[in-house]
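Input: a single structure, listed below in structure tokens.
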Amino acid sequence: MSKRLSREDFIRHQRQKLQGEQGRFDELDMKALEGLQYLDENQDAEEVLTRLDGRFRDQIVKTTRLPGSRIISLHRFVRAAAIALLIIIPSFLLLRPTSNARLFTAYFDIAPNTYYQISRSGQGGALMEISQAFAAYEMKHYSKAGDQLDDLIRKYPEKQDLVLYRAVTYLAQNQSTPAIPLLQKSLQITYRDVNQRASWYLALAYLKESNTEAASEQLMSIIDNDWSMKSEAEKLLKELN
């Protein structure tokens, strides 16, 4: 058996294994096989089986030490465990936000900026302070950059795109809740296309919050308005659906 298997390969392997042991499938076998498909496709199948086998062997040893007890076959333990997967895991997958979190990670990237690229030689005042904040931003020191941006937003309200970058620093730290109101505010700002960029990050923030409906609506807005992130929005919306 290869080190890593897809769900399909894993199920095929288990079917071959059961067929070799029993020659046919009964109803319990089929339910067990259905349960095994819920293992993560990136799961190391061999390690999973080894770990399960070890646990089952330990249980068998404990069982044989009890007076009047009988050894329960390892195969029955495997089937019972697989059936437990069939019953428990589908409900668990429906409740947990793992898929949304993975999509957020796959699609999130910090917003590119022009401030840091501005030559700082001979510059003072706002440009100097802003370039320093974005130096931290580009170096992924998001907490430091966020604190500096808070000060800059108060001092230079005419730099309306700074609110967007502040929201992005929150998202970069997996803090979607404080990012959302800043992004909602940025939807009203056309300065430097802030509204278009904010719409994309707001969709990601909703995704991070597991608010799939709101994320989809935001993505549809990007597509309908033919904004800059339309292609990415179409891809993400397709994955959500």
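Coordinate-derived values only; no laboratory data. Quick caveat: nothing in here was measured; it's all calculated off a predicted structure. All Cβ positions, glycine included, derive from the backbone under ideal geometry; neighbour counts span all protein chains shown.
Quick notes on this one:
- Of the residues in the stretch 217-226, not one is under 29 Å from residue 136 (Cα atoms) and either exposed (fewer than 15 other Cβ atoms within 10 Å of the Cβ) or touching a residue at least 24 places away in the same chain (Cβ under 8 Å) (or both).
- All of 114, 190, 169 fail the test of being closer than 30 Å to residue 238 by Cα, among the β-branched types (Val, Ile, Thr) and exposed (fewer than 15 other Cβ atoms within 10 Å of the Cβ), apart from 190.
- Checking each residue of the stretch 131-153 against the condition of being among the β-branched types (Val, Ile, Thr) and under 20 Å from residue 102 (Cα atoms) gives no match.
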